[in-house]
Amino acid sequence: MKKLHNLTFILGGASSGKSAYAEGLVISTGRPKTYIATAQAFDAEMEAKIAAHIIQRGPGWTTADAPLDPASVLRRQGSGDIALLDCVTLWLTNVLLADRDTSAACDDLLAALAVCPCPVVVVSNEVGMGIVPDNALSRRFRNAQGQINRRLAAQADTVVAVMAGLPLALKGDLP
């Protein structure tokens, strides 16, 4: 059984394999697993994507739907558990679209991660490698996502980038 640090941060592009990699890490610990889900199904395509993720994860997970407040779920975890927050990108989108204070929400998430008694694996998209978005909301999102990713990386014990399904350690050793 694998032992993970308190905070492992996994990031990569869309459909890069980061969620599957993160799920494998969590499963390898043998601990009771909580999946903190941030996605919301507003259409059939997203419903299908969520269903596929559930099948990919396999049995034995407790799912906590937290599209706006994953921090509260993190604060309820037990020390013998392990949590997977998937993903920060969808959560941040939800916060922006709900017209909430993104700075306060990010501060709350980072504070909850700092006191969570169990290991946590956090998944996020790297969004800063593309073109500059053409509208104000997209630029605001890209900037907020870059900022939360930097803050998560600074707080994490381990940071792994996943590209084409292959993990690359950016900070610490590959778990």
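The values are calculated or read from the model by the stated rules, or taken from the named source; none is laboratory data. Everything numeric in this text was worked out from a predicted model, so none of it was measured. Methodologically, a virtual Cβ is constructed for each residue, glycine included, from the backbone with ideal geometry; neighbour enumeration extends over all protein chains shown. These accessible areas exclude ligands, DNA and RNA; they are computed on the full protein's heavy atoms, side chains included. Shrake-Rupley method; radii C 1.70, N 1.55, O 1.52, S 1.80 Å.
Numbers below:
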item	result
Test: residue in segment 125-135 that is within 15 Å of A83 (Cβ to Cβ), at pLDDT 95 or above and either assigned to a loop (DSSP other than H, G, I, E, B) or touching a Ser or Thr at 6+ places or on another chain (Cβ under 9 Å) (or both)	no
Members of segment 70-102 that are surrounded by 18 or more Cβ atoms within 10 Å (Cβ to Cβ) and either in a loop (DSSP other than H, G, I, E, B) or without any contact (Cβ under 8 Å) to a residue 40 or more places away in the chain (or both)	V73, Q77, D81, C87, V95
Residue match in segment 125-135 (condition: over 24 Å from G24 (Cα atoms), in contact with a Gly (Cβ under 7 Å, 6 or more places away or on another chain) and either open to solvent by 40 Å² or more (accessible area, probe 1.4 Å) or β-branched (V, I, T) (or both))	yes
Some residue of segment 40-53 being touching a helix residue (DSSP H, G or I) at 6+ places or on another chain (Cβ under 8 Å), in a helix (DSSP H, G or I) and open to solvent by less than 40 Å² (accessible area, probe 1.4 Å)	no
Test: residue in segment 4-24 that is over 27 Å from G146 (Cα atoms) and open to solvent by less than 60 Å² (accessible area, probe 1.4 Å)	no
Residue within segment 140-162 that is over 18 Å from I10 (Cα atoms), without any contact (Cβ under 8 Å) to a residue 12 or more places away in the chain and either under 12 Å from the mean Cα position of the chain (by Cα) or surrounded by fewer than 18 Cβ atoms within 10 Å (Cβ to Cβ) (or both) present	yes
